[in-house]
Amino acid sequence: AGKRGTFGAAGAIQRLLRSGDTTEQEPALSSPVSHFALYVNTTALIWFFAYLIVEVRRSWYLPCDAPLHAFLAVLGVAGIALSVAQFLGAVFHDPMPPMTKAEQSHDRESRLRRLAFLKQLAVGLCIWGSLGTFWVQFYSRSCSHTAPQLYQLSRLFSMTFSALAAVAALALVVVGIDYCCSGKLRMIVVFES
């Protein structure tokens, strides 16, 4: 759980030093229900993306005039990689906030690197989704008859991408209209637990 976490070396030393002290409670571990949900959600995502890879493998030798094999294979491999990376990041993160200025600086640099990676991932997803939608809608002529499972999965992903792109475009239009009307660019996002 990190170098300063509950089960890290510093946590063990702190527990040893205050072994007779009963005034301070042990830090609460996160809920086992959230850990269970993390495991279940990650397993479901990995199964889904593995299913994509299995379907690509089963349909690999079926003729298709569009590169839908590559489209689904890249989605499957990238989905598994991102699911596993998110799972490992959620399980092995340091729950303690940074204490020193050097740790805070390192934490800030880490967040900036993560943000840059997420921006690149979003751009790559937009490009790959646009290519896949183009391949399914305009380039594929015979895949629906020669490789129907591959075509249906590709069509599902292209429709999902189109719906998400439409929602993002609508959100940008609404924010733009609000900016034109009020003269202030403000966007309030509310999350409730």
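Computed from the coordinates by the stated procedures, all read-outs in this text should not be read as laboratory data. For clarity, every value in this text was computed on a predicted model and none was experimentally measured. So basically every Cβ, Gly included, is an ideal-geometry build from the backbone, and we count neighbours across all protein chains shown.
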Inter-label distance for Ser182 and Ala44, nm, one decimal - labels placed 7 Å from Cα along Cα-to-Cβ
3.5 nm
At what distance in nm do the modelled label points of Asp107 and Cys126 sit from each other, each positioned 7 Å from its Cα along Cα→Cβ?
3.1 nm
Mind listing the phi-derived Karplus ³J(HN,Hα) values for the stretch 165-180, rounded to whole Hz, using 6.51, -1.76 and 1.60 with θ = phi - 60°, and x for any glycine or proline?
5, 5, 5, 5, 5, 4, 5, 5, 5, 5, 5, x, 5, 4, 5, 5
Checking the a/c ratio against 1.5 first, then a/b against b/c, what shape does the Cα gyration tensor give for the stretch 31-182?
oblate
State, as an integer percentage, the relative contact order of the stretch 31-182 based on alpha-carbon contacts under 8 Å between residues 6 or more apart.
32 percent
